[in-house]
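Below you'll find the structure, written out as C-alpha cells, and then a few comments.
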Amino acid sequence: MPRNYEIVIVGAGPAGLSAGMYVARQKVSCMVISKDLGGQMNLIPKLENYPGTIMSSGPLLARTLENQYLSFGGDMTYDTVERVDETDGGLSIKTTRTEYGARALVVAAGKVPNNLGLENESTYQNKGVHYCTKCDAPFYQGRITASVGVGAYLLESGILLSRMANHVYVIYKGGRLGGDPDLIKSLETKENVELIPNSSIKTITGNGTLEQITLSDKAGGEKTIKVDGLFIEMGSKINLGFVKHLVELNPKGEIKVSNGGRTSHPAVFAAGDATDIPYKQIVAACGDGAAAGLSAFNYIEKLNGRPGVRADWKKQIGDTVFHY
C-alpha cells in the first residue's frame, strides 16, 4: 500500500524546500522527494546576493533550508519520481523504490545545466568553470574570462561578462553568432570582447583551479589561451517526463504557471526553474515556492470544506501583527 500524504513536493532545491516549509508549518502532512539536496545551488561556491545573508554558499543555504523544513515536521526522502497519475483519491506518485499517495502535488524539479562533456570538466566545477553567468560573473571583475555556448545564452553571457571582466573571449562553433540582432550588435561593439568563431574547446587545464583552455578550429588548428574563468552556457535540461501528461508546458518545455504556482491541473502546483517564471534566481525560486506551497495548502483546505488562507493572511498576537 502506498504511504499517503496531503501534499507531496518533488525537488529539494530552493523552491521545493520553501514550499515544504510553508506547508509543514500548517501542520499538513508533507513529503519532499528529491534525487539530491540543493539542485543547482550546489554549483554556487559563493552566494552573496541572497537577501539577509552577507556571504554564504549554495550548499550551505540548501542545508539551512532543509533543516528549517524538517524542524516543522515535514518528511523527506531521496528518490526519483518516475510517474504521477490521477486516482480516485487524488494523485499517485510512483518512484524508483516505492509509491506515495497525495491529494496535491508541488513540482519544483528545477533544471540541470548542459555541460561540454570534457573529460576533466567536473574537476574544475566551481574552480574556474561555471554554468550560471548571472550568478558568478561578479566574482570575475577585472579578470580574464571566456564564455562558450549557443544562441541567446551565449550572447547574454558575453554581454554580462563584458561589464565585469577585463577581457572576454566568446567562443562558438559557427561562423556567425546566432540570436537577437540587437544583442549581437551590442556584443560586437564591446572593446573588451574577443569573438572566436568556428572553434570549440578541446581541453581545460590548471593547477587546482582553471588556468587555461585549448581551442581547436574547423581547420584542425589549435591554440591555448589563459583564463581565470570559463562560463558554459549551453542551455539546460528539464526532466518533466513524470508529469508532462498532466500539466501544460510552454515551447521551452517549462511548466506554465499562473499566480500562486497554479498549473492547468487543479491539484498540481509548480515553482522554480522548471516553470516559465522569467528570473531563474534563488530568491525568486524561494518566493515562488512559498506561494506554490500555500496554494497547495489552500487547495487541500477547500477540499476539506475550510476557507484556507487569504493572500493577505496575518495573525494578531497582542499588539503585534505577524504576516505570513
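For the range 142-155, taking the residues that are open to solvent by 20 Å² or more (accessible area, probe 1.4 Å) and modelled with pLDDT of 95 or more, the one that is farthest from Ser236 (Cα to Cα) is identified as Gly142.
Within the set Val283, Val243, the sole residue that is in a loop (DSSP other than H, G, I, E, B) and over 16 Å from Val23 (Cβ atoms) turns out to be Val243. Of the candidates Asp88, Asp75, the single residue that is without any contact (Cβ under 8 Å) to a residue 12 or more places away in the chain and of a type outside the set (Lys, Arg) is Asp88. State yes or no: is Gln26 in contact (Cβ under 8 Å) with a residue 12 or more places away in the chain, assigned to a loop (DSSP other than H, G, I, E, B) and either more than 19 Å from Gly101 (Cβ to Cβ) or open to solvent by less than 50 Å² (accessible area, probe 1.4 Å) (or both)? For Gln26, the condition - in contact (Cβ under 8 Å) with a residue 12 or more places away in the chain, assigned to a loop (DSSP other than H, G, I, E, B) and either more than 19 Å from Gly101 (Cβ to Cβ) or open to solvent by less than 50 Å² (accessible area, probe 1.4 Å) (or both) - is met. So, of the residues in the range 92-115 that are buried (at least 16 other Cβ atoms within 10 Å of the Cβ), in a loop (DSSP other than H, G, I, E, B) and of a type outside the set (Gly, Ala, Ser), which turns out to be farthest from the chain's Cα centre (by Cα)? The qualifying residue farthest from the chain's Cα centre (by Cα) is Asn114. If the condition is being open to solvent by less than 30 Å² (accessible area, probe 1.4 Å) and in contact with a helix residue (DSSP H, G or I) (Cβ under 7 Å, 6 or more places away or on another chain), then the range 244-272 contributes Gly260, Gly261, Ala267, Phe269, Ala270, Ala271, Gly272.
Just checking, does the range 168-181 include any residue being part of a strand (DSSP E or B), under 25 Å from Ile44 (Cα atoms), at pLDDT 95 or above and open to solvent by 70 Å² or more (accessible area, probe 1.4 Å)? So far as the range 168-181 goes, no, none of its residues is part of a strand (DSSP E or B), under 25 Å from Ile44 (Cα atoms), at pLDDT 95 or above and open to solvent by 70 Å² or more (accessible area, probe 1.4 Å). Residues that are in contact with a helix residue (DSSP H, G or I) (Cβ under 6 Å, 6 or more places away or on another chain) and open to solvent by 10 Å² or more (accessible area, probe 1.4 Å) within the range 29-45 comprise Leu37, Asn42, Ile44, listed in sequence order.
The values are calculated or read from the model by the stated rules, or taken from the named source; none is laboratory data. This is a predicted model, so every value here is computed, not measured. FYI the Cβ positions are ideal-geometry reconstructions off the backbone, even for glycines, and counts take in every protein chain you see. Ligands, DNA and RNA are excluded from the accessible area calculation, which covers all protein heavy atoms including side chains. Shrake-Rupley method; radii C 1.70, N 1.55, O 1.52, S 1.80 Å.
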